[in-house]
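Here is the structure we will look at.
The values are calculated or read from the model by the stated rules, or taken from the named source; none is laboratory data. All values reported here derive from a predicted model rather than from experimental measurement. Here the Cβ is made from the backbone with ideal geometry for all residues, glycine too, and neighbour counts use every protein chain on show. Only protein heavy atoms, including side chains, enter the accessible area calculation; ligands, DNA and RNA are left aside. Shrake-Rupley method; radii C 1.70, N 1.55, O 1.52, S 1.80 Å.
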Amino acid sequence: MSHSAVASQDHGTEHSKFELFVQIAMLLAVITGIEIVTVYLPFSHTALVTILMLSSTVKFLFVIFIFMHLRWDKPFCTVLFFIGMVLAGFTMWALLQVFSAQASIPLSSL
Amino acid sequence: MRLHKFLHNSFTNIRSLGAVASLALLSGCSWQSLLGLDGKQSTFITEGPVARTQLDLFYVTCYVTFAIFVIVASILAYATIKFKARTPAEESAIPPEEGHGNPLIEVGLIAASVFALVIIAVPTLKGIWYTYDVPVEEKANAYEITATGYQWWFKFEYLNEQVPGAGVLTTGNELVVPAGRPIHVNLRSMDVMHSFWIPKLAGKVDMIPNRGNLLWFKADKPGYFWGQCAEFCGDSHALMRFRVIALSPRDFNDWLDQQSKSYRVVASTGSGLGKAQFASLRSFKENEPGVSGDFEVSPLDAWKAKQFPEKNENPELITRGMHLFSEKTCNTCHMIRGYAGAVGVAGPELTHVGSRTTIAGGNLDNNAEQLQRWIHNPGAVKPGNKMWVNGYLLNNIKLTSEDEVALVAFLQSLK
Amino acid sequence: MSSVASGAIDHHHDSTTSTGISNKKLLMWIFLASDCMFFGCLISTHLIYRLHPPVGTPPASSIFSIELTSFSTFILLMSSLMMALAVNAIQKGNLKSMRASLVLTIICGLIFLGCQVFEFSEFVHVKHLTISNSILGTTFFTLTGTHGIHVLIGVIWLTTMLIYSYTGRLSEKDAIDVESMGLYWHFVDIVWIVIFTVVYLLEYI
Amino acid sequence: MADAITKSGYTAHDEKITARSSLFYRPQAKTGLMSWLTTVDHKRIGFLYGVFALFFFLVGGVEALLIRIQLAVPNNNFLSAQQYNEMFTMHATTMIFLAIMPLSAAFFNFIMPLQIGARDVAFPRLNAFSLWVFLAGAIIVNLGWFLHDGAPNGGWFGYTPLTTRAFSPNHAIDMWVMGLQLLGVASIAASLNFITTIINMRAPGLTMMRLPVFTWMTLITAFLIVLSFPAITIALVELMMDRSFSTNFFEVSNGGMPILWTHLFWVFGHPEVYILILPGMGIISEILPTFSRKPLFGYPIVVFSGACIGFLGFGVWSHHMFTTGMGTVATAAFAMTTMAIAVPTGVKIFNWIGTIWGGHISMRTPMMFALGFIWLFMFGGFSGIMHSAAPADAQQHNSYFVVAHFHYVLIGGSLFALLAGIHYWFPLMFGRKVSEFWGKLSFWVIFIGFNTTFFPMHFLGLNGMPRRTFTYDPNMGWNNSNFIATIGAFILGVGVTIYFAVMVYTYFKGERVKNDPWDGRTLEWSLPNPVPEYNYRVIPVVHARDAFWYEKQHKEEIAAEHAKLEKAESAHGGIHMPFQSIYPFIASLGILIGGVGVATIDSNPDPKVIVGKKLTVCLIGLGIFLYGVYCWALEGNEGYHLHLDGHDSSDTKH
């Protein structure tokens, strides 16, 4: 891997990066606004949870790929971060599943 | 399913074969006792379907792993001996080029391990569902009990047995159940985590604060079983023991009737306090065993014998003990149904304490000598226990030998 | 030194590692992976207790103030933008522009912290939700407080870097230091994105 | 490209450095106490890790013997209930966090950079910081022995609510919590460093699939540490908050769920098991090929199965909780994942056997320990499979069967591997070799003693003896097995004593050996012993998996290459060496003082008094810590260049 390839790649994006960052930030703000409004809409509980989860995932991905440069970095950085993220997500999911089971309802909330 | 049935049958066959062989070999002497694995809490001797399922599954894991062990170990042993370098030339042999492994062998071995695990997995899954709760077809017949763990004793509540004016029937440290009926136990804890374990009847399930766990077991026939807390719960975790007594339905009903009564009052004869029967206290060494061998020959009979009042009771002593029970503030923690003011719930229920085979959390035989040892210095029997720390020490309770003798007589009379 | 040259220096150092990623950046990414687990457990704790609130817990939506939280979320998003611009600036060798962006990032971070302090004191004094009087207070304050401490550490780090940029300790050659700091700051932002959704918004549906 | 050859992690900007470094004290001592306190040399740090770990290993061993004396006969009075509980809590905590983990860390530090052809780890001062924070944590965990409150006695698993203020009012648990937090910080910091080092500082040609297996396992272990320790950190934070600020995480009366602690603890606790065993597996995978004179069989599969174990290790935690009443589905799911993890573990054993198959096995002491490892680990693995059958586990859980199981895995597995590793790398570390006779003798005594101790425990457990009990009645049928186990423990103790006596003797008086006494395969054996501070005179280019075997078989080609590389490197400026630094030590000292402050000061129930006094000590600690960290940041990461040609080892400052 030579420098020039990386450098030229960077060079091409340099002009647009400033604008891109601003655009992304605006987009994130808009998504956040939509999220807040969504909460008050008369959708079903499941639909709302899904919408919120999806929109925050989209925000999450925009930040890590654009602001945190994962898009332009070596893919290895993405792999590293995703190991942690996926394991954390999996652990959260598993914990919530275990605690959602009938057997796990604490006596104090019965 | 068919595979599983086949496997199950073959394992049962192997096991019975093994059993027959060992029987023939030892002419009647069980292999458990031969190997010293017939202890009071042996998981090899099962007396109920839950423990039996668990043991069967254990055998399945044993067979599978033993088979793998024989194969792998013999290859390893063979390789170690066969390929040992015997000469200095061999020791410095030029290493060969890096090979590529052998995909066929690797995949084959992985497949074989997966197959071996499937053999274990099938009965495991079946066992998980079977041992979790009382089977549906037996649910109607199940007997419901709530067991609560305390540092360091167990409270048992008989949810179906209402005692007029005193809530549900409650006992401590000795759980009496009907044999042949599934027992559904709700497990609760009032302080820290404990675990409820009667090895011969069922594997353990934890008692966790703010959590409603359950366990079920069934005793095949009447018997007397040892149990113990199996989750570390503080200083005297080792001394948190209990017993389960399974009775025939008739005996059980008799027992329920007896237990539902208020405490037994022994009328004073008015002849004054006689000479104390055992004025001097035998001194016990710290941590000296409180169990005697003669009781164990036939523990169930010993338990039955405890249900009746002793012949040479001293009514005067008992009456004095009865007064001391509230004088020395025992009543603030211990309930004795019918005894005015004895409504405490911090300690075990004592209404019929005299009819139990053990005291102090299953640690001491229930006799006058051991009972006196217990109330003389509870801290020496069960380090850190609440009766000692929050009772004796906090309230500065002092008992003379005479007090102890009288209290012992009173408690022993509570049949 | 021209901006092109300093960019080249950065790449020069990158090339001395086996992967071409600088050590500092790699360390930061692994640390963030670890921090995912950290916040994962903390958020799980909160959600588990929200799943099973003890009887008598008031609805969290009656305590939360969605307006304030939305505002601070917006502020944190903007701080992320500023941080990204700061990194962009120093990578181009533009120290001046980086300083300006850093100052704005710090101001946004401070506003966010201010909002949080206000929110906390509002909850404690007006809504009577304290860290010890209910499980909701316990998990809420611990989770958002831990996030707040992350922000605070970030602000201190940013301020230090800003000062360094004047003393000469931080120059165009040290873009990687600013970039690593930026990764941390953005991570704090994405944690807040998750917290905003699962801790706040989910309470309103 | 010439500059691609030098893999130095610290940048050496020129002019400014002199100006900046003159502001700070940059210690130069190469001998004496200061040289050790300020060292950033990964070999010295590794050595210190080893020394501390072995010290704590002996402490933990003594605790184990006291436990066995107490249990030798029924109703023994040797220890009181409380002392016994302290003993088993501290035995486990010590052995896991203060003996096996740091001993692994010693190997990571010493061996891993050598195996990848690096001159140091990526962040040398962070490495020193990890070491000193580890020591601070170790001191705080053990502080209780010398204080009125006593040592921690809540078990190494610290289940709530037993460890909350209500049931453990004094500071013993506070010390445990604080100590474990610091050990976590130390482990995570060290692991971040190792991961960066392995990924970024490999010699040219050393692709990931050429990495020695030990380095691979280091990498996986480091990942496990980085990803699992946050879980216990959170659990401990919650416990700390409960204890110090009366929050409700585990306070039942306000709706807290103690079971949550159990989950968080084992989310950490199960990966921890692999953190303990994977380094051992790595060491074994180094030793077996060397002494079988054959490359490792199925290298990619060994590596892949290691990674597989690492990943699956995060999905099996609840098998420590089969008896907590999780419900059927959760229990079944975790039983299945637990069985699944047996497959990659089994694969490793097959590959080890495949490695010795068809080789020429030299029965040297390291090999004896390695083979002992396979046998005992196999046993431990099998009893592990038995646990995965959840209903059967309901009987085995918290009984001595479990004690037998995990000692087979941790002593028979981890410890045997580490003891093998000490023997194996001793010549490289100290230039001396342990006598074969004494080495083998210690192996047999340890092997026999170990099995005598722990094999009967299988039967004790199945015969119904629960663990963590300080006494038992004579009528339970446990007397014989317990007595045998105690005898075995003393044999094991004798074996370990022989082992270490011989090690100490060898360190001072042992037979000197030339380089590469075992005809090693990996790069570290190409170095002179003891290894010079800069490790590699020339960073080698790696051509094969068994890099050093390849070099020995292609001597001329390699010699020519080395000459070329050396020229290129001296043109580049010589060998980069980092300056030593005292600040990691000072920062850790601050952490120690602050930690002691948080954990111990004053049992006064009046919160105001505690806060007042505590705050002073904590602030002093915090001040020292911040001073250390700021100086650390400001002194910069520059170093000096070493020119070996012409005048040897002359230091040239830039």
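Points to keep in mind about this one:
- Under the simplified labelling scheme, the residue D:615-residue D:146 pair shows an inter-label distance of 2.8 nm, with each label point 7 Å from Cα along Cα→Cβ.
- Relative contact order of chain C, pairs being alpha-carbon contacts under 8 Å that are 6 or more residues apart, as %: 34 percent
- Simple Cβ-charge dipole of the protein assembly as shown, Lys/Arg +1 and Asp/Glu -1, about Cα centre, in debye nearest 20: 1280 debye
- In chain B, the DSSP beta bridges split such that about 70 percent are antiparallel, to the nearest 5.
- Residues in region B:81-91 carry Karplus couplings, in order, of 7, 5, 9, 5, 6, 9, 10, x, 4, 5, 5 Hz; the curve used is 6.51 cos²θ - 1.76 cosθ + 1.60 with θ = phi - 60°, and Gly or Pro positions show x.
- Taking the charge dipole of region B:142-259 about its Cα centre, with +1 at Lys and Arg Cβ atoms and -1 at Asp and Glu Cβ atoms, the residue from B:175, B:225, B:207 reaching farthest to the positive side is B:225.
- Bridging of residue D:552 to lysines at a Cα separation below 26 Å is possible for B:84, D:7, D:43, D:294, D:433, D:514, D:564, D:567, once same-chain residues fewer than 8 apart are set aside.
- In the protein assembly as shown, taking the dipole from charged Cβ atoms about the Cα centre, the farthest positive-side position among B:112, D:478, D:581 is held by D:478.
- Sorted largest first, the spans of the alpha carbon positions of the protein assembly as shown along the three principal axes are 113, 84, 64 Å.
- Computed magnitude of the charge dipole of chain B (debye, nearest 20; Cβ of K, R +1, Cβ of D, E -1): 480 debye
- Antiparallel DSSP beta bridges within region B:142-259, percent to nearest 5: 70 percent
- Semi-axes of the equivalent ellipsoid for region B:261-415, Cα gyration tensor, largest first, Å: 21, 20, 16
- A cut-off of 5 Å between modelled amide H atoms, ignoring neighbours fewer than 5 places along the same chain, links residue B:172 with B:156, B:349.
- A cut-off of 5 Å between modelled amide H atoms, ignoring neighbours fewer than 5 places along the same chain, links residue D:363 with B:85.
- Put simply, the convex hull of the Cα atoms in chain D casts, on average, a shadow of 29.7 nm².
- Cβ-defined net charge surrounding residue A:68, 14 Å radius [Lys, Arg +1; Asp, Glu -1]: +1
- Debye-sum result for chain B in log10 I(q)/I(0), which assumes one identical scatterer on each alpha carbon, at q = 0.09, 0.11, 0.13 Å⁻¹: -0.67, -0.89, -1.14
- Note on the protein assembly as shown: dipole from Cβ charges, positive end direction compared against C:57, D:117, A:54; the farthest Cα belongs to D:117.
- Net charge of neighbours whose Cβ lies under 12 Å from the Cβ of residue B:219, counting Lys and Arg as +1 and Asp and Glu as -1: +3
- Heavy atoms of chains D and B lose about 8100 Å² of accessible surface on contact, summed over both sides with a 1.4 Å probe.
- Summing Cβ point charges (Lys, Arg +1; Asp, Glu -1) relative to the Cα centre of region B:142-259 gives a dipole of roughly 300 debye.
- Cα shape, region D:240-324, gyration tensor, a/c 1.5 rule: prolate
- Per residue, region D:27-536 exposes 24 Å² of accessible surface when a 1.4 Å probe is rolled over the protein heavy atoms with every protein chain present.
- The calculated FRET efficiency for the pair residue B:312 and residue B:30, based on their C-beta separation and a Förster distance of 41 Å, comes to about 0.50.
- For chain C, the longest principal axis of the Cα atoms and the long axis of helix C:3-14 meet at an angle of about 70 degrees.
- Calculated FRET value between residue B:168 and residue A:57, using beta carbons and R₀ = 51 Å, to 0.05: 0.50
- Net charge contributed by nearby residues that have their C-beta within less than 10 Å of residue C:132 (K/R +1, D/E -1): -2
- Whether region B:226-272 is rounded, prolate or oblate, judged on the alpha carbon gyration tensor where a/c under 1.5 counts as rounded: oblate
- Computed over chain B, the per-residue total of -39500 (n - 2.57) for DSSP H runs of n ≥ 4 gives a 222 nm mean residue ellipticity of -12000 deg cm²/dmol, rounded to 500.
- Rounded percent of accessible protein surface that carbon and sulfur make up, the protein assembly as shown, 1.4 Å probe: 67 percent
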